[in-house]
Amino acid sequence: MRVDHKIITIDKKEVSYTHIQNGSATVCFMLSGSGYTYEKPLFYYSTMTMIQSKRDVVHIHYSYEQDILNLSVEEITNIMVKEIIPVIEDVRKNNVYTETIFLGKSLGTIPLIDKFMKTSMYKDSPLILLTPLLDFDGIVESLLMGHHQTLIIIGEKDVHYIPRAIEKIQDKSNIEIEVLPNANHSLDADPMSTSMSIRILNQVTEKVEKFLG
């Protein structure tokens with residue numbers, strides 16, 4: 001296994017990414033949340049799951065002010081794709097991949113839903129959406145229009161969990177939804193319980209493994 005850390009310059013701003021390579025024909029691009037970065041449990045074990053199944057992984061390291069979540073979905077998407085797409089292009093320029101997977105959490109799900117779901121180039125790419133922001137304007141509508149094979153995992157105690165949104169999308173044949181009882185926005189147990197949080201994390205990794213096959 002080879003791990004490369006690379007920095008590219010986009011509009012005078014440096015954006016870094018980590019490329020974990022197994023010599024695979026499949027790559028998973030991961031998009032972190034706001035403050036929920038790649039060393040935290042959901043990404044650590046999602047990365048381990050990909051490595052275990054011999055897939056390559058790319059962690060895109062972006063950072064924004066917390067108030068980015070006060071912007072519209074369209075504005076957030078426009079800001080993020082200016083950094084995400086050049087990273088994807090840089091990775092693809094030097095590697096040949098026949099399959100692409102996208103995995104995002106929270107903030108990182110916004111460009112996946114609002115941009116990549118609407119891009120024909122990635123129409124065959126599975127999407128894994130951890131704790132998507134279902135209460136943001138336009139997110140549910142984009143999910144309803146999308147045709148990607150999609151896995152959504154969200155907790156019932158997540159502030160962005162909207163039962164009526166789940167009801168709208170649950171019958172779509174391309175979308176698989178896992179709602180975890182007593183799990184918050186970090187998919188930790190609420191009320192706090194270490195053992196329960198570990199069990200929830202195990203459920204998440206098992207669901208991701210099963211979804212990807």
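The values are calculated or read from the model by the stated rules, or taken from the named source; none is laboratory data. Bear in mind that the values here come from a model prediction, so they are computed numbers and not experimental data. Reconstructed Cβ throughout: ideal geometry from the backbone, glycine too, with neighbour counts over all protein chains shown. For the accessible areas, the whole protein counts, side chains as well, though only heavy atoms, and no ligand, DNA or RNA atoms are used. Shrake-Rupley method; radii C 1.70, N 1.55, O 1.52, S 1.80 Å.
Brief remarks follow.
- Cα convex hull volume per residue for segment 91-213 (Å³): 113 Å³
- Kirkwood estimate for segment 1-102, i.e. one over the average of 1/r between Cα atoms, Å: 14.3 Å
- Range of Cα positions in segment 1-59 per principal axis (Å), largest first: 37, 25, 15
- Residue 121-residue 182 pseudo-label distance in nm [points 7 Å out on the Cα-to-Cβ vector]: 4.5 nm
- Fully extending the segment from residue 25 to residue 168 would add 48.0 nm, taking 0.36 nm per residue of separation and subtracting the current Cα-Cα distance.
- Loop sites in segment 6-49: trypsin sites (Lys or Arg not before Pro), DSSP, at most 12 other Cβ within 10 Å: 12
- Among 156-163, 102-109, sorting by the average number of other beta carbon atoms lying within 10 angstrom of each residue, highest first, gives 102-109, 156-163.
- Net charge in the neighbourhood of residue 196 (other residues with Cβ under 10 Å of its Cβ; Lys, Arg +1, Asp, Glu -1) is -1.
- Relative packing of peptides 189-198, 22-31 - highest average C-beta neighbours within 10 Å first: 22-31, 189-198
- For segment 1-75, the set of GluC sites (Glu not before Pro) satisfying both a DSSP loop assignment and a count of at most 14 other C-beta atoms within 10 Å is given as 39, 65.
- Most mobile listed residue (174, 70, 182) in the chain, GNM with C-alpha springs under 10 Å: 70
- Rounded to 5, percent antiparallel among DSSP beta bridges of the chain: 40 percent
- Within-15-Å neighbourhood charge of residue 182 [Cβ basis; K, R +1; D, E -1]: -3
- Length-normalised contact order of the chain in % [C-alpha pairs under 8 Å, at least 6 apart]: 16 percent
- Computed over the chain, the alpha-carbon pair-distance distribution with 5 angstrom bins reads 1, 7, 16, 20, 22, 18, 11, 5, 1, 0, each value a whole percent.
- Kirkwood hydrodynamic radius (C-alpha pairs) into Stokes-Einstein, segment 145-213, 25 °C and 0.890 mPa s, D in µm²/s: 193 µm²/s
- Think of a 1.4 Å ball rolled over the protein heavy atoms: segment 1-160 then has 46 Å² of accessible area per residue.
- Nonpolar atom fraction for the chain, defined as the carbon and sulfur part of the 1.4 Å probe accessible area, stands at 50 percent.
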